[in-house]
């Protein structure tokens, strides 16, 4: 199985890329949903802070690869020869998942000002309301291990610069997927 791991900082376009792959028939999983479900189970309001608290707690209780462990059953049952996982934030998660197939990191990038603007405009319950909280969220993601995952050379990696239109992102993603399918 080929495992497309979509990574990137908040607001870079990971979810959009994942949805584009899903529309093309590639099963997509999102590790953030595990955290959100746990927040709901515990009766907490869904905020960036509650998500961060639960994410840390799950990793403390189950290991740094906790989200990967929670996804393992679904991935193991998957019949497709290619899947997409969005939202992993550290190398330990990737290391756990590699038992199911070959990992291809696809890092979606966008300039900081573009990412922060997107997050503030999105105005969801978890989204930063201002530049300062957007900076804080970046820092939390990097601290959690995303920085190390983005820098690793352990896996085949592709970088997509998402600083333009949706059509540009889709075109770049299609080009990357062609290369992955040829391996």
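Readers should treat all values here as calculations from the given coordinates under stated rules, not as data from a laboratory. Being a predicted model, the structure only gives us computed values, none of them experimental. All Cβ positions, glycine included, derive from the backbone under ideal geometry; neighbour counts span all protein chains shown.
With a ≥ b ≥ c taken as the square roots of the eigenvalues of the C-alpha gyration tensor of the stretch 41-127, please select rounded if a/c is under 1.5 and otherwise prolate if a/b is larger than b/c or oblate if it is not?
Here the stretch 41-127 falls in the oblate category.
Which distance in nm do the two modelled labels at residue 57 and residue 152 give, with both placed 7 Å along the Cα-to-Cβ direction?
Result: 2.7 nm between the two label points.
Taking neighbour counts of Cβ atoms within 10 Å as a proxy for exposure, in what order, fewest first, do 75, 7, 142 appear?
142, 75, 7
Which entry is the computed semi-axes √(5λ) of the Cα gyration tensor in Å for this structure: (i) 24, 21, 15; (ii) 28, 19, 16; (iii) 34, 19, 16?
So the structure-derived entry is (i).
Tell me, how many Å apart are the Cα centres for the stretch 159-178 and for the stretch 3-45?
18 Å
Using the number of other C-beta atoms within 10 angstrom as an exposure proxy, rank 38, 102 with the fewest first.
Working: 38 19, 102 14.
Ordered by Cβ neighbours within 10 Å, fewest first: 102, 38.
Be a star and scan the stretch 151-171 for residues whose amide nitrogen sits under 14 Å from the point 7 Å along the Cα-to-Cβ vector of residue 114.
Once the point is set 7 Å along Cα→Cβ of residue 114, 159-171 turn out to lie under 14 Å by backbone N, inside the stretch 151-171.
For the stretch 83-150 and the stretch 52-66, write down the distance between their C-alpha centroids in whole Å.
About 16 Å separates the Cα centre of the stretch 83-150 from the one of the stretch 52-66.
Rounded to the nearest 0.05, what FRET efficiency is calculated for residue 143 and residue 33 with R0 set to 25 Å and r the Cβ-Cβ distance?
So, using R0 = 25 Å, E works out to roughly 0.70.
Taking only C-alpha pairs under 8 Å that are 6+ residues apart, what is the relative contact order of the stretch 27-155 in percent?
Reported relative contact order: 28 percent.
Report the calculated FRET efficiency for residue 22 and residue 132 (r = Cβ-Cβ distance, R0 = 41 Å), to the nearest 0.05.
Step by step, r from the Cβ atoms, then E = 0.80.
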